[in-house]
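Enquirer: Here it is: the structure, laid out below.
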Ligand SMILES: [Mn+2]
């Protein structure tokens, strides 16, 4: 039995299937961890969602910004974006089941010495605080009235993190941190617009993982979201978005020995 962590799939089903063949993935014995952004921009989001849901307990997936965008579109809180490739999902006969399944996925998964998130962990947060912030979002998004949070996400800008934020602002900061974080300032303020490689970051904006010491907590954070960062493995960090949807490879890491597997883009 092995556990494989895989980077941002974004509808690239064929590349994903080839990668699973390459590692000889056995759905009956092995486990998969996905960093989120299952959907959008790529060609086969609907098929990826159906496949993911069919794996049941064998799959752990955390939500990414594109997954949240899809949930928002399905609930009518977000307008389409120019490069969306979500129409097949939104028109599917099983759309409601798929969206309901998706909105009940976690934002953070912690198991053994690993933490799985889509984008990152806000530097001022301990692992315990991050897990608490994630549970709060999951209760709001996975509960009976997700629309309140979805509307806030579509219309309001998250403030800078402070301990004394009210619930609504705490939720916004948490969603932003788990699903969009790349660089931030030493005081934890997120540098929102920057999406390039770390060496091009604006003055004072540093990769979030340089402002934390998860290694000291004997923890390895597994994340995706930052294609221009690319594959970055170092003690305490496995950043595995290698930009499959942009024609790059799709990356898997076997967590037991941290061996890296890559499959060239095939969609
Ligand atoms: Mn993302």
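The values are calculated or read from the model by the stated rules, or taken from the named source; none is laboratory data. Bear in mind that the values here come from a model prediction, so they are computed numbers and not experimental data. Neighbour counts are summed over all protein chains in view; Cβ atoms, including those assigned to glycine, are modelled from backbone coordinates with ideal geometry.
Enquirer: Is at least one residue of the stretch 18-31 away from the ligand (no atom under 16 Å from the Cβ) and part of a strand (DSSP E or B)?
Expert: Within the stretch 18-31 (the criterion being away from the ligand (no atom under 16 Å from the Cβ) and part of a strand (DSSP E or B)), the answer is yes, since at least one residue qualifies.
Enquirer: Also, quick follow-up: Which members of the stretch 208-243 meet the condition of being in contact with a helix residue (DSSP H, G or I) (Cβ under 9 Å, 6 or more places away or on another chain) and on the phi > 0 side of the Ramachandran plot?
Expert: Answer for the stretch 208-243, where residues must be in contact with a helix residue (DSSP H, G or I) (Cβ under 9 Å, 6 or more places away or on another chain) and on the phi > 0 side of the Ramachandran plot: 225, 236.
Enquirer: May I ask you to list pairs of residues, at least six apart or on different chains, whose Cβ atoms are under 7 Å apart, with the first in the stretch 26-52 being farther than 20 Å from residue 265 by Cβ and the second being more than 14 Å from the ligand (Cβ to nearest atom) and in a loop (DSSP other than H, G, I, E, B)?
Expert: Taking only residues 6 or more apart or on different chains, the pairs are 27/55; 29/1; 30/1; 30/2.
Enquirer: Does any residue in the stretch 109-122 that is closer than 14 Å to residue 207 by Cβ come within less than 7 Å, Cβ to Cβ, of a residue that is modelled with pLDDT under 95 and assigned to a loop (DSSP other than H, G, I, E, B) six or more places away or on a different chain, and which pairs are these?
Expert: 121/212; 122/188
Enquirer: Follow-up. Being surrounded by 20 or more Cβ atoms within 10 Å (Cβ to Cβ) and over 25 Å from residue 75 (Cβ atoms) is true for just one of 215, 182, 170. Which residue is that?
Expert: Only one candidate qualifies: 182.
Enquirer: A further question follows. Select the helices (runs of 4 or more DSSP H) contained entirely in the stretch 39-131, then report the ones holding at least 3 residues which are farther than 28 Å from residue 2 by Cβ and within 15 Å of the ligand (Cβ to nearest atom).
Expert: Result: 65-74.
Enquirer: Taking residue 153 as the residue in question, decide whether it is at pLDDT 95 or above, part of a helix (DSSP H, G or I), surrounded by 14 or more Cβ atoms within 10 Å (Cβ to Cβ) and under 18 Å from the mean Cα position of the chain (by Cα).
Expert: yes
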